[in-house]
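Enquirer: Would you mind keeping the following structure in view while I ask a few things?
The numbers here are math on the coordinates, done by the rules we state, and not lab data. Computed from a predicted structure; not experimentally measured. Positions of Cβ are generated from backbone atoms using ideal geometry, with glycine treated the same way; all protein chains shown enter the neighbour counts.
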Amino acid sequence: MDLLDWARGPLLAAAIVIFVAGCGWRLWSLLRLPRAQAHGTARHGFGTAAAAQAALRRFSVPAGFSPSSTLVTFNPYLFHIGLAVVFFGYAPHIAFVRRLTGLAWPAAPDAVMYVAAGVTITSLLLALLFRLTDPVLRRISRADDILSWTLTMLPLLTGMAVVGEPSSSLLASHAPVYRVPLAVHLVSLELLLVWFPFGKLMHAFLFLPARMQLATYFGRRGVRA
């Protein structure tokens, strides 16, 4: 077995097990936390539906923000949208998901993938620049932030190293065209999966419950959310 065989077999299986078990453990541990008793009478009813609506409304930028914060505000949108397009729209990625789960969907054109990958990488570089140059962000940054950034960037960079042929040619080949670059790309993805449950990347599952909890907290006090 060479590196690619290991990356497509035992290493991938271990990474998926750690990812699923780790995410399940984090979610279960949060659900088991004791819930603080609300003191005082709520100003008005603020149920789950209202909390979800308030959380979703915060996806848009509130009026009154300084124009100078526009790039900082919209850069995360560029990153998340670009990353979703790259992962869910690239034909080899869809084939990878189909081999694991049996699910498949139409792929986007390769040109769209190249643009999305470029936007995503640029957005990540901008995010790192903001974190290193802004005094507040630099002060609150921890090793988790840098490690999460690195492990998110690596699959993008190593994936670009594999893109030397059109996706149709890659899928039509009976054997991997670039074995070593593909193995490195898979290993970088597996490192991301292993780290995901234990770092701030877990916000992918926690951001909505956290926003709903905050909206409920303020809603009970009559604060418009």
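Enquirer: For Phe218 and Leu137, what does the FRET efficiency come to when R0 = 25 Å and r is the distance between their Cβ atoms, rounded to the nearest 0.05?
Expert: About 0.50, to the nearest 0.05.
Enquirer: So for each of 11-22, 117-128 I average, over its residues, the number of other beta carbons within 10 Å; can you give me the resulting order with the highest mean first?
Expert: Taking the mean over residues of other Cβ atoms within 10 Å, the ranking is 117-128, 11-22.
Enquirer: Rounded to the nearest 20 debye, what is the charge dipole size of segment 87-225 about its Cα centre when +1 sits on each Lys and Arg Cβ and -1 on each Asp and Glu Cβ?
Expert: With only Lys, Arg, Asp and Glu charged at Cβ, the dipole is about 740 debye.
Enquirer: What FRET efficiency comes out for the pair Leu208/Ala104, r = Cβ-Cβ distance, R0 = 25 Å, nearest 0.05?
Expert: E(calc), rounded to 0.05, equals 0.40.
Enquirer: Enumerate the calculated ³J(HN,Hα) couplings along segment 148-154 in order (Karplus 6.51 cos²θ - 1.76 cosθ + 1.60, θ = phi - 60°), each rounded to whole Hz, writing x wherever the residue is Gly or Pro.
Expert: Result, rounded to whole Hz: 5, 4, 5, 6, 7, 6, 4.
Enquirer: With the crude spin-label approximation of a point 7 Å out along Cα→Cβ, what separation in nm comes out for Ile81 versus Asp5?
Expert: About 4.5 nm, to one decimal.
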